[in-house]
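A short worksheet on the structure shown next.
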Amino acid sequence: MTNKEVWTQYKEYSQSTSDISRKLAFAGIAICWLFRDQNSGFPKLVFNALIFLLVFFLFDLLQYLITTLLLKKWIRKEEIRMWETTNKIEGNYQKPTWIDMPAFTLFTCKIIALIISFFLLGIWLFI
């Protein structure tokens with residue numbers, strides 16, 4: 001397997017994980033909605049699960065937003081440097097690994113938030 005194939009596979013797996021986790025988060029919100037009381041409030045565990053689901057969506061958004069902004073800033077700087085040396089922007093760029101660290105961290109955090117939310121819902125169901 002080549003390096004390019006491995007990274008393509010990694011990208012596919014992480015995208016699938018994000019897609020599936022988003023669907024689960026929406027399902028989790030629907031489940032929380034079912035457990036509202038007569039006053040449209042939520043039991044404490046269900047409310048906490050709902051908070052973690054909202055945190056999931058926040059991390060999901062930040063994962064893509066922060067990485068987009070970092071990548072834009074970095075590539076623009078590299079294009080300017082390439083233009084100054086070759087009078088064109090096409091060429092090979094070595095993307096630094098630090099650009100992907102916030103995305104990976106937020107990816108991990110959003111999955112943890114999703115797991116915690118379903119754990120809390122599970123506790124509520126079995127109490």
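The values are calculated or read from the model by the stated rules, or taken from the named source; none is laboratory data. Remember, it's a predicted structure, so these values are computed and weren't measured experimentally. All Cβ positions, even for glycine, are placed from backbone atoms using ideal geometry, and neighbour counts span all protein chains on display. Each accessible area value is taken on the protein alone, full model and side chains, heavy atoms only, with ligands, DNA and RNA left out. Shrake-Rupley method; radii C 1.70, N 1.55, O 1.52, S 1.80 Å.
Roughly what angle does helix 44-86 make with the longest principal axis of the chain, taking Cα atoms, 0 to 90 degrees, to the nearest 10?
Once rounded, the angle reads 10 degrees.
Run the simple label-point estimate for MET101 and GLU12 please: 7 Å along Cα→C-beta, distance reported in nm.
Using points 7 Å along Cα→Cβ, the separation is 3.0 nm.
Would you list which lysines come within 30 Å of LYS88, measuring only between C-alpha atoms, while excluding same-chain residues fewer than 8 positions from it?
LYS4, LYS11, LYS72, LYS73, LYS77
Compute from the Cα atoms of the chain the Rg and the Dmax, the latter being the longest Cα-Cα distance, and quote both in angstrom.
Rg then Dmax for the chain, in Å: 20.3, 69.
With springs only between Cα atoms under 10 Å, which of SER21, SER40, SER117 fluctuates most in a Gaussian network model of the chain?
Highest fluctuation among the options: SER40.
Where only protein heavy atoms count, and the probe is 1.4 Å, what is the accessible area per residue for the chain in Å²?
73
Once you charge only the Cβ atoms, +1 for Lys and Arg and -1 for Asp and Glu, what is the size of the charge dipole of the chain about its Cα centre, to the nearest 20 debye?
Computed about the Cα centre, the dipole is about 180 debye.
For the chain, with the dipole built from +1 on Lys and Arg beta-carbon atoms and -1 on Asp and Glu ones, taken about the Cα centre, which of GLY28, GLY91, ILE111 lies farthest toward the positive end?
Positive-end residue among those listed: GLY91.
Can you tell me the orientation of helix 101-126 relative to the chain, as the angle in degrees between its alpha-carbon axis and the longest Cα principal axis, to the nearest 10?
Helix 101-126 and the main axis of the chain meet at about 10 degrees.
How do the peptides 41-51, 74-84 rank, highest first, by the average count of neighbouring beta carbon atoms within 10 Å per residue?
Peptide ranking by packing, descending: 41-51, 74-84.
Can you pull the one-decimal nm distance between simple spin-label points at ILE80 and ILE115, each 7 Å off the Cα toward Cβ?
Simple spin-label model gives 4.2 nm for this pair.
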